[in-house]
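Below is one structure, written out as structure tokens; comments come after it.
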Amino acid sequence: MRSEKQNFGEIYAERAMEEMKALHSPISIPKIREARDIVYNGTIDPLINNAAPVNMPQELSYRKQRKRRVSPFTIVLFLIGCAVSSVLYIGNILAVGRLMVQINQLQIKHNQISNEQELLKAQINRLSGLERIQQLAHDQLGLRNPRQLPVWIEIDPERINEVEEVFQQQMKRKQ
């Protein structure tokens, strides 16, 4: 019997050799080919003895290739990515909404300040009118417009020199 130390490759090769010896006859070459095809096409399980009779043709079973399964880690990672992106998108929408409210409030405040500025300019124009100033000067200060035209005063240059000398003397005394 076989020892426990043999590996599956040795077991498989030994079984194939046994089946080949049983089939070997000069007359049955197609049976040998059929047995060889059965051994090498993966239809016989190497661990089960006499899985199928050698003289009966077996249907070839081709394994369907499995589609690669998506790992749970990939799914969780994808869901986390979707959640983070949706949170960022919603946060962006909320931030834009807050900014729009602030812009609207600032525009209203700007319009109010512009209106107040226009009112102040109109008030300045009204208060700085020449007729109003003349009226206040006449009523409160008793000022009146002169009836004569102003006369040019001419100063003698000698008199200017005398005043400058007096001024310089006073400056020297203060020092």
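I need the full set of residues from the stretch 144-172 which are of a type in the set (A, V, I, L, M) and open to solvent by 100 Å² or more (accessible area, probe 1.4 Å), in order please.
Hits for the stretch 144-172 are L149, V151, I153, I155.
Mind listing whichever residues of the stretch 125-136 are assigned to a helix (DSSP H, G or I) and either in contact (Cβ under 8 Å) with a residue 12 or more places away in the chain or surrounded by 10 or more Cβ atoms within 10 Å (Cβ to Cβ) (or both)?
Filtering the stretch 125-136 for residues assigned to a helix (DSSP H, G or I) gives 125-127, 130-136.
Residues satisfying the conditions are L127, R132, I133, Q134, Q135, L136.
The values are calculated or read from the model by the stated rules, or taken from the named source; none is laboratory data. Computed from a predicted structure; not experimentally measured. Here Cβ is always computed from backbone atoms with ideal geometry, including for glycine, and neighbour counts include all displayed protein chains. Surface areas here come from the heavy atoms of the whole protein model, side chains and all, with no ligands, DNA or RNA. Shrake-Rupley method; radii C 1.70, N 1.55, O 1.52, S 1.80 Å.
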